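The structure appears below as structure tokens.
Taken together, the values in this text are just the output of simple stated rules run on the coordinates, not laboratory data. Predicted, not measured: the structure shown is a model, and the values here were computed from it. Heads up, the Cβs are rebuilt from the backbone with ideal geometry, glycines too, and the neighbour counts pull from every protein chain shown.
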Amino acid sequence: MNKKLLSLLLVLSIILSFTLIGCNKNTGTNEKATPGNESNQKTEEKKPSKKFALRFSTASVPTDAHTEALYKFKEAIEKSTDGQITVEVYHSGSLYGQGEDCEATIRGDLEMCYMSAQWIAEKVPEVSMFTAGYIFKDYNHMTKVLNGEIGRELFDTVAKKIGARPLAAFYLGARQLNLRDIGREVKTPADLKGVKLRMPNTPAWLFLGKALGANPTPLAFNEVYLALKTGTVDGQDNPLPTTKNAKFYEVTKYIILTEHVIDSVWPTINEKVWQEMGPDLQKKMLEAVEVARQYCDKKNLDAEKELVEFFKQQGLTVIEPDKEAFRNAVQKAYLDNKEISGKWDMELYNKIQELAK
């Protein structure tokens, strides 16, 4: 009897051992299945949000409104994204020179820069229409076009073709002629014959200089002051705020209020970086850019109201030219040159002109 009882107890002990092992395994599985533990597991697996460090390179000087606007952009985007997007501003060509920054943004070696219609037209020929002198009547006309539906479609096209996306158009001012003492006043295109007019080194800018009646001379922006001082060039064309901030008035005699270009620059981002951001961050980027645009536009509009008097006080002669003569000569030069205007969407051109009314 004792042997049988001992054998029975041994069997029961073995069965009990296996039962306990099974329970322990089930208990482990059940612990993982509890709602609280599921939450912990998901928290552990959640990946951190990707951060974006944007470097913005510009040739503009610190006192330019569109340079100052970059710090408004930086402040707005860093605040709205809690630092997920950060911005470092490199002004005065300290990181890349003018034009080099655009190429670097396309390559992806740089995240952001300012581009212009004139520069982009070299790579996207249909954009040349937006480089034409007198295409825009005034500030309201320009911003209605470029910061509206037409601009959004244009910027999408640019992004697809060059891999860099403009986000808005910032107002620089109406471009005016600014000349040394050339021995005569300029009131019509004929008066510019033989005048060495500094222009940025792109085909679109050089064509405009010729259309105005001058002898266009390509020169980097940071070389213009010395070239004016020494007489290497006879003049330059820029909005009045730029002429003041770069101190060109110190080495010139005339301001001619031609208003031949309602000028803008386009803050532009590498398209790959833009797509990596996703819709939520893209929306916040556009909102921050809009904050910067409003700052830039207002500052330049306010400055233009005051600068004519400022230049007079500095001893410059301010001339009201025959603007209609300039407008007719410039528009004719573009429309007659089919190599340029032949690439234009004339239906869109006419639509833009209608928006000026």
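Some points to look at:
- Charge context of K357, other residues only, Cβ under 14 angstrom, K/R +1, D/E -1: +1
- Anisotropy class of the stretch 52-354 from Cα gyration tensor, a/c 1.5 cut: prolate
- Which listed pairs, of K284/K351; K196/K244; K187/K312; K137/K196, have C-alpha distances above 24 Å, in listed order: K284/K351; K137/K196
- Amide H contacts under 5 Å for M115: W266, T268, restricted to partners 5 or more places along the chain or on a different chain, H placed in the peptide plane at 1.01 Å from N.
- The chain, helix-only ellipticity at 222 nm - DSSP H runs n ≥ 4, -39,500 (n - 2.57), divided by all residues, nearest 500: -16500 deg cm²/dmol
- When the Cα positions of N215, S92, L197 are compared along the charge dipole of the chain, S92 comes out farthest toward the positive end, with charges on each C-beta of Lys, Arg, Asp and Glu.
- Using the Cβ-Cβ distance between K283 and N222 with R0 = 30 Å, the FRET efficiency computed as 1/(1 + (r/R0)^6) comes to roughly 0.25.
- Amide H to amide H distances under 5 Å link H260 with R175, where only residues 5 or more positions off or on other chains count and H is placed in the peptide plane.
- Cβ-defined net charge surrounding L348, 10 Å radius [Lys, Arg +1; Asp, Glu -1]: -3
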